[in-house]
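The next block holds one structure in the form of structure tokens; read it before the comments.
The values are calculated or read from the model by the stated rules, or taken from the named source; none is laboratory data. The shown structure was predicted, so the numbers you read here are calculated from the model rather than taken from an experiment. Quick reminder, even Gly has a Cβ in these numbers, built from the backbone with ideal geometry, and neighbours come from all protein chains shown.
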Amino acid sequence: MPGYDSSSSETTTVTSDGGRLTVTGRLCFTYRVRGSSAEELTQYLGTMTKRGWKIGLQLRPGQQLERLAFAGKAADVVLARRDEVSQELERAFPCEGAEVRWVGLVAPKGAERRYTSTLANGILTICYTFTLVITDARCLPQALVMALTYEDERFANHYLLHVLLITAIPGARTRVAAIVDGTKREIAKPRAFDAAPAKKKAVPKKKAAKASGRRRKK
């Protein structure tokens with residue numbers, strides 16, 4: 001996803017009924033703008049419509065995903081569960097014996113989500129309103145890991161990561177900057193902990209003077 005900078009989310013309402021949790025909120029993506037914001041936005045939306053998109057959610061044992069939908073221009077865009085996508089996620093993120101499992105979902109072809117967009121300091125932010133319903137959400141708060149990529153891409157090669165923080169009280173906010181692209185293996189080395197260059201030992205003034213004197217005699 002070219003120009004990707006980070007993702008963020010915020011829950012606005014939370015309803016709990018015997019462990020059945022309904023969460024609504026906003027999911028936002030930010031991109032570094034190279035040209036005009038209008039051109040970048042048109043390119044982004046066109047690519048998403050053309051290539052499609054899919055999402056993986058990591059659930060706890062016993063939890064079931066009843067619904068994940070985004071507000072659409074005509075009607076809600078409801079994602080459909082796909083077993084082959086769930087299996088793909090398990091292969092891309094293997095973790096035998098872990099108390100979690102992946103659920104893979106795919107957006108309908110040509111789905112158009114309602115969105116808001118803003119531009120500030122060269123960063124384009126696109127936000128979508130979502131509704132999430134899961135069962136057996138009895139131990140909160142919970143960090144819900146979300147992986148996203150194009151429908152025609154493999155999670156093993158390219159994906160974005162987000163963490164949706166769900167609680168019994170609305171207002172949880174998270175911001176994540178994580179992207180993996182299998183075509184670009186080089187990772188920049190961190191500089192914060194680079195060792196400082198060794199300092200040269202100072203030459204005593206007297207010795208320095210004698211040395212310079214010898215050079216003049218020559």
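Within segment 101-148, the set of residues being within 20 Å of Val33 (Cβ to Cβ), hydrophobic (A, V, I, L, M, F, W, C) and modelled with pLDDT under 90 comprises Leu119, Ala120, Ile123, Leu124. The residue pairs whose first member lies in segment 56-80 and is closer than 14 Å to Trp102 by Cα, whose second member is exposed (fewer than 12 other Cβ atoms within 10 Å of the Cβ), and whose beta carbons are closer than 7 Å, counting only pairs six or more residues apart or on different chains, are Arg60/Glu99; Pro61/Glu99. When restricted to residues that are part of a loop (DSSP other than H, G, I, E, B), surrounded by fewer than 15 Cβ atoms within 10 Å (Cβ to Cβ) and among the hydroxyl-bearing types (Ser, Thr, Tyr), segment 112-150 contains 0. Restricting segment 21-52 to residues that are charged (D, E, K, R) and surrounded by 15 or more Cβ atoms within 10 Å (Cβ to Cβ), the residue that is farthest from His158 (Cα to Cα) is Arg26.
Please go through segment 24-45 and give me each residue that is under 20 Å from the mean Cα position of the chain (by Cα) and either without any contact (Cβ under 8 Å) to a residue 12 or more places away in the chain or part of a helix (DSSP H, G or I) (or both), ordered by number. If the condition is that a residue be under 20 Å from the mean Cα position of the chain (by Cα) and either without any contact (Cβ under 8 Å) to a residue 12 or more places away in the chain or part of a helix (DSSP H, G or I) (or both), then Glu40, Leu41, Gln43, Tyr44, Leu45 are the ones that fit.
On the given criteria, is Ser86 over 17 Å from Val106 (Cβ atoms) and of a type in the set (Ser, Thr, Tyr)? In short, no. Quick check, is Val103 surrounded by 12 or more Cβ atoms within 10 Å (Cβ to Cβ), within 25 Å of Ile169 (Cα to Cα) and over 19 Å from the mean Cα position of the chain (by Cα)? So Val103 fails the test.
Only one of the listed residues (Ala69, Ala74) is modelled with pLDDT of 95 or more and either touching an Asp or Glu at 6+ places or on another chain (Cβ under 6 Å) or over 21 Å from Thr11 (Cα atoms) (or both). That residue is Ala69.
Total residues in segment 53-92 satisfying the condition of being of a type outside the set (S, T, N, Q), surrounded by fewer than 18 Cβ atoms within 10 Å (Cβ to Cβ) and part of a loop (DSSP other than H, G, I, E, B): the figure is 9.
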